[in-house]
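Engineer: First the structure, which I've put down as structure tokens, then a few questions once you've had a look.
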């Protein structure tokens with residue numbers, strides 16, 4: 001079966017979930033829903049059911065994780081230790097990133113003899129990419145340490161929840177992943193081994209859900225109340241959407257008129273393509289191929305936004 | 001003369017009925033760009049405008065408008081300004097201060113109420129007004145036996161809506177916590193900013209001193225109370241994140257001195273400082289000019305400025321440019337920056353009052369405690 005990945009922008013103000021599913025020709029039947037990104041509001045999926053025009057089965061990953069942690073203090077303690085270390089690592093990375101990004105940005109703004117300037121710009125971006133690679137590797141190490149010490153068979157309730165999730169997924173062809181808190185969502189997806197379980201399913205995802213499918217998750221917000229913040233590499237996604245960085249709601253979160261800023265974004269993460277998904281956008285992949293793109297844009301190396309190229 | 005007043009007087013002194021109609025139809029003070037006209041109506045020997053703005057005469061006379069019981073004066077107030085004022089009336093040799101009866105906008109503080117002049121372009125921040133969609137956080141009170149003070153202290157605790165024991169939260173310790181609640185709409189601000197995801201859900205310890213001019217004046221017992229009495233109690237009874245970056249301390253005026261001093265005395269404990277209009281009296285040479293109650297403050301600030309020690313993390317400072325303390329706050333900034341601290345300094349066209357501090361809370365709190373907006377992609 002060629003799996004379909006349907007990536008959408010925020011479902012407000014434009015709700016296009018149902019139309020996108022119909023247009024993609026996904027098989028009829030119920031869909032599983034992962035709304036862990038909504039945290040305590042995970043159970044409120046009536047709107048998803050109405051928009052999808054399908055019967056929905058909530059996998060309740062957030063609630064299940066809460067129950068597992070409440071019943072398993074040892075697991076909770078190790079999980080928290082991992083989270084504390086990841087957050088401390090992210091802060092250290094942010095500290096280094098601030099200076100490395102400033103240097104790259106200022107270098108990109110430099111003018112003069114291109115024979116002098118261009119190599120400096122390339123080197124500045126190379127340093128940024130090296131920092132990102134280093135950070136990703138460190139994040140992966142912390143995850144690997146946790147995984148190596150983690151034997152799910154020793155955790156009864158976790159195993160039981162896993163079996164229930166496996167059984168629910170066995171009865172559906174399509175999984176819908178909502179938006180929300182991308183870190184919370186990813187943690188629950190990893191905890192219940194969804195990366196593996198979703199490889200053979202069609203997936204419809206928007207915003208944080210779409211980000212979670214990529215290989216690398218990049219956090220960004222140019223218009224937060226505390227001012228601009230450098231885009232940060234957060235960690236690995238599920239890898240179901242290779243070679244793409246997903247940027248939901250770019251119209252509100254990115255200063256799209258700042259060409260230097262966008263050019264740096266594009267060159268920093270190349271060869272991955274940075275794709276914007278505003279509300280109303282649709283990006284359809286069959287296997288690795290992009291077969292349909294509506295309103296989705298990609299950031300070119302020049303810093304301009306262009307239509308996504310179909311493959 | 002203000003255009004509205006000029007129109008009222010265009011045919012000579014208006015009749016009392018015309019004055020009545022004018023007052024009923026007009027908002028006071030009269031704001032015409034940067035010209036702001038204060039109007040008082042009544043009988044008096046003299047009327048003064050009293051607004052405590054550094055650089056202004058503390059008492060500006062209003063002129064009696066011929067043939068009427070109106071008095072007026074116009075000041076130049078830059079756009080975006082917000083000032084508090086009263087009228088001083090002199091009648092039969094007696095002086096009394098009154099709020100402006102023609103202006104319903106009041107600001108409250110522990111000493112009573114002042115009238116508020118909102119200059120051209122000033123708007124009360126929308127996030128400081130209760131948002132009906134924002135869930136309300138809870139308030140509870142703890143009683144804490146303090147070894148540092150040798151007595152029992154009450155501390156208010158704010159818990160975010162949807163507080164869960166199985167989560168962990170950053171902590172913010174607030175000086176003059178009850179005053180922040182009462183005069184700076186602190187609970188509403190927290191509820192709204194948490195709802196907007198601009199700050200994380202956090203636990204706030206609202207401390208209040210009965211003797212703040214002493215305990216907040218760089219007092220070692222107070223620092224010990226926070227570090228050795230309060231924090232251990234909170235850590236034992238509330239689910240807190242246990243890292244410096246998740247622990248902050250704040251205050252305004254003397255409260256800011258207390259926050260800075262406590263952080264200085266407890267290196268590595270607090271990673272976030274929020275300092276509003278700090279009473280950071282100091283002297284480069286000789287004595288300071290702030291009065292004896294500032295003596296311990298000045299001793300501390302002189303030491304601090306000489307050696308900021310192991311203070312680390314992020315510092316948000318704000319100050320009104322109409323306060324005399326703007327000098328002390330501006331001159332503290334480079335001392336912090338040279339230490340490598342991550343410092344954000346914000347000035348406002350306002351003075352030493354609670355609504356100035358309220359109006360800066362969003363930028364201060366969201367910068368020190370970035371919310372999950374960064375993580376949330378709906």
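Any read-out appearing in this document is the output of simple, stated calculations on the displayed coordinates, not a laboratory observation. All of these numbers come straight from a predicted model, not from anything done at the bench. Backbone-built Cβ (ideal geometry, glycine too); neighbour counts: all protein chains shown.
Engineer: Using only Cα atoms and rounding to the nearest 10 degrees, what angle (0 to 90) does helix A:156-170 make with the longest principal axis of chain A?
Structural biologist: 90
Engineer: So what is the 222 nm mean residue ellipticity for chain B from helices alone, if each DSSP H run of at least 4 adds -39500 (n - 2.57) and you divide by all residues, rounding to the nearest 500 deg cm²/dmol?
Structural biologist: Helix contribution divided over all residues of chain B: -7000 deg cm²/dmol.
Engineer: Percent antiparallel among DSSP beta bridges with both residues in chain B, to the nearest 5?
Structural biologist: 60
Engineer: Now, a different point. For the protein assembly as shown, give the share of DSSP beta bridges that are antiparallel, in percent and rounded to the nearest 5; count only bridges with both residues there.
Structural biologist: Close to 60 percent.
Engineer: Would you mind checking the tilt of helix A:259-269 against the longest principal axis of the Cα atoms of chain A, expressed as 0 to 90 degrees and rounded to 10?
Structural biologist: Once rounded, one gets 60 degrees.
Engineer: Still on this structure: Averaged across the residues of A:225-232, what count of C-beta atoms belonging to other chains lies within 10 Å of each residue's C-beta?
Structural biologist: Partner Cβ neighbours, averaged per residue: 5.
Engineer: How far is the Cα center of the stretch B:17-54 from the Cα center of the stretch A:36-60, in Å?
Structural biologist: 58
Engineer: Of all the C-alpha pairs in the stretch B:270-351, what % are more than 20 Å from each other?
Structural biologist: Tail fraction, whole percent: 32.
Engineer: Further question: Using the Cα gyration tensor of the stretch B:5-101, with a ≥ b ≥ c the square roots of its eigenvalues, what is the shape: rounded (a/c below 1.5), prolate (a/b larger than b/c) or oblate (neither)?
Structural biologist: Here the stretch B:5-101 falls in the oblate category.
Engineer: Also: Among A:220-226, B:191-197, what's the highest-first ranking by average C-beta atoms within 10 angstrom per residue?
Structural biologist: Packing order, densest peptide first, comes out as B:191-197, A:220-226.
Engineer: Report the Cα centroid-to-centroid distance between the stretch B:76-106 and the stretch A:110-185 in angstrom, as an integer.
Structural biologist: 60
Engineer: Just to confirm the number: angle between the C-alpha axis of helix B:295-306 and the first principal axis of chain B, 0 to 90 degrees, nearest 10?
Structural biologist: In chain B, helix B:295-306 runs at an angle near 60 degrees to the longest axis.
Engineer: Sort B:294-307, A:270-283 for me by packing, meaning the mean count of neighbouring Cβ atoms within 10 Å per residue, highest on top.
Structural biologist: Final packing ranking: A:270-283, B:294-307.
Engineer: Please work out the C-alpha center-to-center distance from the stretch B:163-218 to the stretch A:240-286 and express it in whole Å.
Structural biologist: Each part reduced to its Cα centre gives a spacing of 38 Å.
Engineer: Another question, then. Based on DSSP H runs of at least 4 residues, each adding -39500 (n - 2.57), what is the mean residue ellipticity at 222 nm of chain A after dividing by all its residues, to the nearest 500 deg cm²/dmol?
Structural biologist: Using -39500 (n - 2.57) per qualifying helix, the result is -15000 deg cm²/dmol.
Engineer: Cut-off 10 angstrom, C-alpha nodes, Gaussian network model of chain A. Which of A:235, A:209, A:18 fluctuates the most?
Structural biologist: A:18
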